[in-house]
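Colleague: Dumping the structure here so I can ask a few things about it.
The values are calculated or read from the model by the stated rules, or taken from the named source; none is laboratory data. None of the values given here were measured: they were computed from a predicted structure. Cβ placement follows ideal geometry from the backbone for every residue including glycine, while neighbour counts extend to all protein chains displayed.
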Amino acid sequence: MSASNTDYLAQIIPILPVKDVLEALEFYIKKLGFELVFIDEERQPRYAGIRRNNIALHLQWHEASEWEQDKNRPMLRIQVQGIENLYKKYQLMGVFHNHTSLEEKPWGTLEFAFYDPFKNGLIFYAEA
């Protein structure tokens, strides 16, 4: 069975929950090198879009009561080229946790992972 042109999946844009859109934008733009694509409001934004190369993310504000429960947050796997350079850049930006390291995994990838300020997991990987 072949796929027709009418049902082609072209891209996925994850929406990450955040407590503070401005704080999230500062982290993703200043520390991770993303660029702002749009923001719904300048002073107290509730929704924004960012992009770095071919990776687009949306950041959505969620009210404080949603953060009282310890929920599993999204985990994103982002394939990269030049993973060693990216690892060094992010290391200098101070975004890593104590146990963050660049590791070769048994499934054939080289990767590192950490959480953003709102406990959304970010895994950067390259084929080993």
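Colleague: So in region 91-118, with the set limited to residues that are crowded, with 17+ Cβ neighbours inside 10 Å and farther than 18 Å from Gln79 by Cα, which one is modelled with the lowest pLDDT?
Modeller: Restricting to residues being crowded, with 17+ Cβ neighbours inside 10 Å and farther than 18 Å from Gln79 by Cα, the top hit is Phe118.
Colleague: For region 49-58, check the following and say yes or no: at least one residue is of a type in the set (A, V, I, L, M, F, W, C) and assigned to a helix (DSSP H, G or I).
Modeller: No.
Colleague: Could you check how many residues of region 75-88 are surrounded by 14 or more Cβ atoms within 10 Å (Cβ to Cβ) and either not hydrophobic (A, V, I, L, M, F, W, C) or not in a loop (DSSP other than H, G, I, E, B) (or both)?
Modeller: Qualifying residue count for the region: 6.
Colleague: Give the residue that is farthest from Tyr28 (Cα to Cα), with candidates limited to residues of region 50-79 that are touching a strand residue (DSSP E or B) at 6+ places or on another chain (Cβ under 7 Å) and among the polar types (S, T, N, Q).
Modeller: The qualifying residue farthest from Tyr28 (Cα to Cα) is Gln79.
Colleague: For residues in region 16-56 being touching a residue at least 60 places away in the same chain (Cβ under 8 Å) and not basic (Lys, Arg), which is surrounded by the most Cβ atoms within 10 Å (Cβ to Cβ)?
Modeller: Here the residue is Val18.
Colleague: Could you list, in sequence order, the residues of region 43-76 that are within 24 Å of Ala10 (Cα to Cα), touching a Phe, Trp or Tyr at 6+ places or on another chain (Cβ under 6 Å) and among the charged types (D, E, K, R)?
Modeller: Residue satisfying the conditions is Arg52 alone.
Colleague: Suppose we filter Phe112, Phe34, Phe124, Phe27 for residues that are farther than 21 Å from Ile12 by Cβ and within 12 Å of the chain's Cα centre (by Cα); which single one remains?
Modeller: Residue meeting the stated conditions: Phe27.
Colleague: Of all residues in region 1-35, which are of a type outside the set (Val, Ile, Thr), in a strand (DSSP E or B) and either more than 22 Å from Phe96 (Cα to Cα) or at pLDDT below 95 (or both)?
Modeller: Leu16, Pro17
Colleague: Of (1) in a loop (DSSP other than H, G, I, E, B); (2) more than 11 Å from the chain's Cα centre (by Cα), Lys119 satisfies all except one. Which?
Modeller: (2)
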